[in-house]
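J.: Can you keep this structure in mind? I'll have questions shortly.
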Amino acid sequence: MATTQADTGTGRSNQKKRTRTAILEAARELIGTGGEVTMPAIARAALVSEATAYRYFPDLPSLISEALAGAWPPPAEALAPVADSADPVERVAFACEFLLRGILLRQGAVRAMIAATITRPEAATARPGIRFGLIDHALLPLEETLGATDPEALAQLKRDLAVVVSAEALFSLTDLCGLAPDDAIASAVHTATTLTEAAQRTIARG
């Protein structure tokens with residue numbers, strides 16, 4: 001049977017899908033090890049050239065971002081263990097530890113994303129931004145109190161927590177302060193809860 005142009009086009013399309021899938025799967029496997037994540041390493045694992053990998057993904061952040069899609073649960077699901085708590089301090093502590101332990105599991109990919117977006121700030125939108133959803137959900141009990149009386153104070157608390165509940169804070173504590181991962185997480189949780197407690201005192205004074 002003669003091969004038609006449509007058959008050839010379909011074959012190429014399927015091959016492209018297989019190649020793209022192979023690159024994504026290789027990225028996910030490498031991310032799962034927690035080790036260094038680079039485009040050359042991903043290409044080798046996918047059995048393609050680095051140039052081929054770049055044809056499918058223009059840069060490492062875009063590849064990592066797609067590979068991580070769905071890896072993190074939605075905020076409500078992540079914070080399910082404290083869903084019945086109305087204490088924002090308890091909820092923030094849980095959210096902080098949840099995020100930082102997840103970062104440790106994927107730290108090679110997270111470090112690669114941070115490195116890429118520091119040199120190319122315009123690529124920052126490729127970062128998942130998991131912290132913001134977790135912080136918003138953790139602070140839901142404050143929406144009707146601090147959020148109603150002083151919305152700017154609540155917004156400032158969220159900004160403050162975004163600095164602490166973050167990969168950058170975790171790596172500063174491990175890399176620059178020399179803390180072990182568990183100690184670094186405990187330090188970040190302490191800072192996050194201190195900030196939240198201070199906001200609660202503002203409500204009490206009001």
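J.: Suppose every Lys and Arg Cβ carries +1 and every Asp and Glu Cβ carries -1, with no other charges. What dipole size does the stretch 12-88 come out with about its Cα centre, to the nearest 20 debye?
T.: Rounded to the nearest 20 debye, it is 780 debye.
J.: Treating only the Cβ atoms of Lys and Arg (+1) and Asp and Glu (-1) as charged, compute the dipole magnitude of the stretch 54-104 about its Cα centre; round to the nearest 20 debye.
T.: Values: 3 positive and 7 negative charges, 49 e Å.
Roughly 240 debye for the stretch 54-104.
J.: Does a label point 7 Å from the Cα of E25, set along Cα-to-beta-carbon, have any residues of the stretch 39-53 with amide nitrogen under 15 Å, and which are they?
T.: Within reach of a label on E25: 43-48.
J.: How many percent of the accessible area of the chain is carbon or sulfur, using a 1.4 Å probe?
T.: Numbers: 6320 of 11130 Å².
Answer for the chain is 57 percent, counting heavy atoms of protein chains only.
J.: Relative contact order, percent, of the stretch 111-195 when contacts are C-alpha pairs under 8 Å separated by at least 6 residues?
T.: After rounding, I find 22 percent.
J.: Roll a 1.4 Å probe over the protein chains and send me the accessible area per residue for the chain in Å².
T.: Result: 54 Å² of accessible area for each residue.
J.: Still on this structure, please answer the following. State the answer as a single residue: which of V163, T193, T145 lies farthest towards the positive end of the charge dipole of the stretch 135-206, with beta carbon charges of +1 for Lys and Arg and -1 for Asp and Glu, about the Cα centre.
T.: T145
The values are calculated or read from the model by the stated rules, or taken from the named source; none is laboratory data. Everything quoted here is computed from the prediction, not taken from an experiment. As a convention, Cβ positions derive from the backbone with ideal geometry for all residues, glycine included, and neighbour counts pool all protein chains shown. Ligands, DNA and RNA are excluded from the accessible area calculation, which covers all protein heavy atoms including side chains. Shrake-Rupley method; radii C 1.70, N 1.55, O 1.52, S 1.80 Å.
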